[in-house]
1. In this structure, does B:Lys475 turn out to be within 23 Å of B:Gly295 (Cα to Cα), within 26 Å of the chain's Cα centre (by Cα), charged (D, E, K, R) and open to solvent by less than 30 Å² (accessible area, probe 1.4 Å)?
2. How many residues, within the stretch B:275-303, are facing chain A (nearest Cβ under 9 Å) and either assigned to a loop (DSSP other than H, G, I, E, B) or in contact with a Gly (Cβ under 6 Å, 6 or more places away or on another chain) (or both)?
3. In the stretch A:86-98, which residues are open to solvent by 20 Å² or more (accessible area, probe 1.4 Å) and in contact (Cβ under 8 Å) with a residue 24 or more places away in the chain?
4. Keeping to the stretch B:350-386, report how many residues are within 14 Å of chain A (Cβ to nearest Cβ) and either closer than 22 Å to B:Ile425 by Cα or in a loop (DSSP other than H, G, I, E, B) (or both).
5. Is there any pair linking a residue in the stretch A:364-388 that is under 12 Å from A:Thr310 (Cα atoms) and touching a residue at least 12 places away in the same chain (Cβ under 8 Å) to one that is exposed (fewer than 14 other Cβ atoms within 10 Å of the Cβ) and among the charged types (D, E, K, R), with Cβ under 8 Å and at least six apart or on different chains, and which?
6. I'm trying to understand the selection: among the residues of the stretch A:436-460, which are part of a loop (DSSP other than H, G, I, E, B) and open to solvent by 40 Å² or more (accessible area, probe 1.4 Å)?
7. Please specify each residue of the stretch A:405-421 satisfying the condition of being out of contact with any Lys or Arg (no Cβ under 7 Å at 6 or more places or on another chain) and touching a residue at least 24 places away in the same chain (Cβ under 8 Å).
8. Tell me which residues, restricted to the stretch A:422-469, are free of Cβ contacts under 8 Å to residues at least 24 places away in the same chain and of a type in the set (Phe, Trp, Tyr).
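The values are calculated or read from the model by the stated rules, or taken from the named source; none is laboratory data. Owing to the predicted nature of the structure, the values given are computational and were not obtained by experimental measurement. Reconstructed Cβ throughout: ideal geometry from the backbone, glycine too, with neighbour counts over all protein chains shown. Areas reflect the complete protein model, heavy atoms only, side chains present, ligands, DNA and RNA absent. Shrake-Rupley method; radii C 1.70, N 1.55, O 1.52, S 1.80 Å.
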Amino acid sequence: MALPFATSSSATAAPGNPLLSFSSSISPSIPALPSRCLLPRRSHSRTATVRAKIREIFMPALSSTMTEGKIVSWIKSEGDRLSKGESVVVVESDKADMDVETFYDGILAAIVVPEGEVAPVGAPIGLLAETEDEVALAKAKAQSPAQSRTAAVSASPPSPVAAAPVASPLTVPAEGSRKLVATPYAKKLAKQHKVDIGSVTGTGPFGRVTPQDVELAAGIQPKKPSPTPVAAPPSVSKGAAVTPVAEKAAAPAALPPIPGSTVVPFTTMQAAVSKNMLESLSVPTFRVGYPVIANALDALYEKVKSKGVTMTVLLAKAAAMALAQHPVVNASCKDGKSFSYNSNINIAVAVAIDGGLITPVLQDADKLDIYLLSQKWKELVSKARSKQLQPKEYNSGTFTLSNLGMFGVDRFDAILPPGQGAIMAVGASKPTVVAGADGFFTVKNKMLVNVTADHRIIYGADLAAFLQTFSKIIENSDNLTL
Amino acid sequence: MQGSISLSFSTPAISRSDPARFLVAGVGVTPEGVSFSRLQGQALRFCVRKFAGVGRSPHLVSSRKLCKKTLAAVTDNGSTGKGFDYDLVIIGAGVGGHGAALHAVEKGLKTAIIEGDVIGGTCVNRGCVPSKALLAVSGRMHELQSEDHLKSMGLQVLNHSYDRQGVADHANNLASKIRSNLTNSLKALGVDILTGVGTIVGTQKVKYGKVGTVDKEVTAKDILIATGSVPFVPNGIEVDGKTVFTSDQALKLEWVPEWIAIVGSGYIGLEFSDVYTALGSEVTFVEALDQLMPGFDPEIGKLAQRILINPRKIDFHTGVFAKKITPAREGKPVQIELIDAKTKEPKDMLEVDAALIATGRAPFTKGLGLESVNVTTQRGFVPVDERMQVIDTNGNPVPHLYCIGDANGKMMLAHAASAQGISVIETICGKVHVLNHLSIPAACFTHPEISMVGLTEPQAREKAEKEGFEVFVAKTSFKANTKALAENEGEGLAKLIYRPDNGEILGVHILGLHAADLIHEASNAIAMGTRIQDIKFAVHAHPTLSEVLDELFKAAKVTAGISRSVDEPVAV
């Protein structure tokens, strides 16, 4: 049985409304349904900035008890042209699998909820564009939530894959006009993780793209690929196919599993973090610590707290002001051969979020005042929470700030995210007995900051000078309000 | 004329679907011993009874006795009364020939079977039997691989692996075991096994022999051709048996390629995709038609694709021919040239580690000497009438010559061959028997299994259009079955296609756990002519998978007013 899918306004009202339970498609003579569905979607479009001609395909309510549905399969693929009445997607409810069909002609622009995933009734599962022109727009919209999920710790170049391999077909002209060869599962994975398979370099036999290549490109830990064993019995022959990549990956950590342990696979975000952390190992870093007297800062904070300014913003502002005087600390080393000086000072701030980590970016932190920055920060945090950060909002940082002071941590050491020159780790501001230059002991709020930097471009003296400036700014915090 | 038994041979072909024609034939020629294999409508059975009642066929009752009597004499002195070496010579000891031989012995016929290769034929040695061994492995592997599935049952499997040689041995051992069972059963029954290639040299005459030996000739009152089939390899495909191969070699499981293309998505291709994906291969299907699994009911095919293809490491190209397949050599992979099935334009080029050719099977009928009895094969198939009697070039039945199984191409299934063989023996013994092919079930042993009997929905609708009746469809899901849910195998569908006006079952299609075992309730009902309104009162143990069919019968809406028992006597 095929059911029309819920689009736009129809679905929002669906639960509990008998007319909208979609059993009505069995008697297609009901005239109200199609016309109602033809209404362009309004309510959600404001936040999603979608124009009227892109329709969201919703998880339909297939039964009165259904609260969520699983996408069994997409019958149509992205880019397919749909005509009214065609089955588009198969949805599994608590009762049965049903084909869901479209009421509209159009193009399936984007699949928001991929096969095998579950979505609550009424949630958008795909986007339907009316014309070719709107496909790109719809895609961009579909990607924003998807990308924030894959977001990395920081502004690593969006996809290392995209850049390099473009050249590869050109560099191997000896192979002639060889086309891309990818295995069935590799293609499936690429579709699932939205990896452009054309940009993946194949490492399999005859240069074909294997599932492991795609997983690598998508920044996922390869799942154990085939049914073959970790500890293979000696009798396993060549036929028992362990793919070489997997073998390599498994090799270093051949520790026996601890009985009773539970394996929880990474979420997309965790996988991205993991990938970035591994990448960071290729950068020669060093660390410089500095004690900063924070009394003035703490006093300022007390004053502006009521105006919605947070400590994070004050620290970001201070760091940005210091960076303005030390552009090399705001630079990065992209190719190992040169300095890349950034024209903007964008402070990425590490934020722990529901089992993951993301770095919303305060752009032009040196130029905006703390009140504007606070406002922006608030927006960024709420977007991060709802996983709606645009790529630019988490990967455009030029310097990262990480603060564990609120937990009482006195000092710690941060890992430099790939693509940046330095990261600052801020500890708690604690009352400490300090010997003054005049010989008197005083109690001052001391805060230890520790900067990790890429020594290819930033040297010890650079960091020392930067920290000195930073310290001065903190000690004369009133300047922050200027 | 040779008495009552052979009289019935000259009865013209009887179309079951055409009672009127039968009546004419019946009146014109004494319908000696005509017995129908049920399931023709009530009207037909009525006709038969009427004849019997009228007493037009005095030999009807005695014919079987007569047959036995003659043969009792045969077994005593070791030769037939009419000077033949055997009553029946069967060419080919596959499942069809074996089934026929067993039934022939039961009927008291002196029987010989000629086999040039190994006893058991394709099914036992290179087909259904070893593939079931591989599929038994793949079923368990698929289970072990679906961690979510196991986890939801509270099971944890830390590690699983397989030993290719062990799997291959399991298949091979099973084949030899079944083969020796078959051989022993033939020997125990006193069937003479004649070794060599059999050739018909004339009416009731067969020669056989191996290369390098002198051919021997035997005579038989009746000859049954059961030579089966071989894998069909389209032109342009080079089979080297190593990287490009057919099911014959694949079943030996000499290696497990990382990536295999399967040309053809019928039963064989689908079963092998189940095996190969379980063993870690990735699979690419190449299908000439626009749909995968073209032989299946479309709805079942669609669901099968969702369960058996999409979640697995399988992709496919449909609407394309594999124009040329070159085996891997000189450091190059297997290359497959795809052309558009309609426009014949080049479409794609695949490079894979191996290719399995599963494009169907071709009859193995060359060198049978059919020309000596004026028979021309059609695309290799031996033309037969509905009683499996061979038809000559002029369209007349060849006396004493029958052909069953893949060689006649009516229904290329092992159990169909066997059923046809039994039907022929019945006919030979004077009890003309017509097998209803629509009651023969078929199964594909993937995980979950697919099974079917009778018509598909489009076929049924076409028939209904032509004959002017209505077709209804009832469906039940395995999700609603307690046992299936207990097994955590709720995926699946059972579909009943029927006539609401009289409750006749036109077709049943099942996709789900143990579908191959479940289909027989439906196929038996079709064979017996049981109507839905009757079978729906039959009781099924709870909780069992068989309740899926119970649900199905109960879900059907039959408008036939009265429920009649099939075996109720009909007034004359």
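1. No.
2. Total satisfying the criteria: 3.
3. Of the stretch A:86-98, the ones open to solvent by 20 Å² or more (accessible area, probe 1.4 Å) are A:86-87, A:92, A:94-98.
Scanning the stretch A:86-98 gives A:Ser87, A:Asp94, A:Lys95, A:Ala96, A:Asp97, A:Met98.
4. Total meeting the criteria: 1.
5. If the second residue must be exposed (fewer than 14 other Cβ atoms within 10 Å of the Cβ) and among the charged types (D, E, K, R), the pairs left are A:Tyr371/A:Lys307; A:Ser374/A:Lys307.
6. From the stretch A:436-460, those part of a loop (DSSP other than H, G, I, E, B) are A:436-440, A:455-459; that's our starting set.
Selection gives A:Ala437, A:Asp438, A:Gly439, A:Phe440, A:His455, A:Arg456, A:Tyr459.
7. From the stretch A:405-421, those out of contact with any Lys or Arg (no Cβ under 7 Å at 6 or more places or on another chain) are A:405-409, A:411-412, A:414-421; that's our starting set.
Scanning the stretch A:405-421 gives A:Gly405, A:Met406, A:Arg411, A:Phe412, A:Ala414, A:Ile415, A:Leu416, A:Pro417, A:Pro418, A:Gly419, A:Gln420, A:Gly421.
8. Listed by number, the residues that qualify are A:Phe440, A:Phe441, A:Tyr459.
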